[in-house]
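One structure is given below, encoded as structure tokens.
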Amino acid sequence: MIIALIFKAIQIYTYVLVIYALLSWFPGAYDSKIGQFIIRISRPYLSMFDRLNLSIGPIDFTIIVAIFVLQLAGNGLVIIFSRLIYMF
């Protein structure tokens with residue numbers, strides 16, 4: 001049960017990060033109420049990756065790396081909790 005909840009929360013947050021990336025394609029999208037909400041949710045996590053300087057020219061790979069790390073951490077948590085719960 002807790003494993004499914006963790007997996008679902010990570011999946012939803014991944015969608016939020018993808019929406020954050022897609023909003024950059026539309027001028028003024030970050031200024032909408034939904035855009036401000038997405039920024040407020042995703043910016044604290046993405047700020048951890050800002051110091052890595054993952055930009056190559058005009059392309060920023062920060063969100064891709066952040067999603068990759070989120071998925072790895074989520075899978076690690078699921079493995080740890082499943083081992084603790086089921087004692088494998």
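I want to verify the translational diffusion coefficient of the stretch 2-86 in µm²/s; compute it with Stokes-Einstein, Rh as the Kirkwood radius over Cα pairs, at 25 °C and 0.890 mPa s. Walk me through the intermediate numbers first.
Details: Rh = 14.1 Å.
Answer, rounded: 173 µm²/s.
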* Structure fact -> Toy charge model, Lys and Arg Cβ at +1, Asp and Glu Cβ at -1: the chain dipole around Cα centroid in debye, rounded to 20, equals 240 debye
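If each DSSP helix of 4+ residues adds -39,500 (n - 2.57) and the sum is divided by the residues in the chain, what number results at 222 nm, nearest 500 deg cm²/dmol? Present the calculation step by step, with values, prior to reporting the outcome.
Numbers: 3 runs with 61 residues, N = 88.
It comes out at -24000 deg cm²/dmol, rounded to the nearest 500.
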* Tilt of helix 33-46 relative to the longest C-alpha principal axis of the chain, in degrees (0 to 90, nearest 10)? -> 60 degrees
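Read-outs: derived from the displayed coordinates by stated rules, not from any lab. Here the structure is a predicted model, which means the values were calculated and not measured. Please note: Cβ atoms are built from the backbone with ideal geometry, for glycine as well, and neighbour counts cover all protein chains shown.
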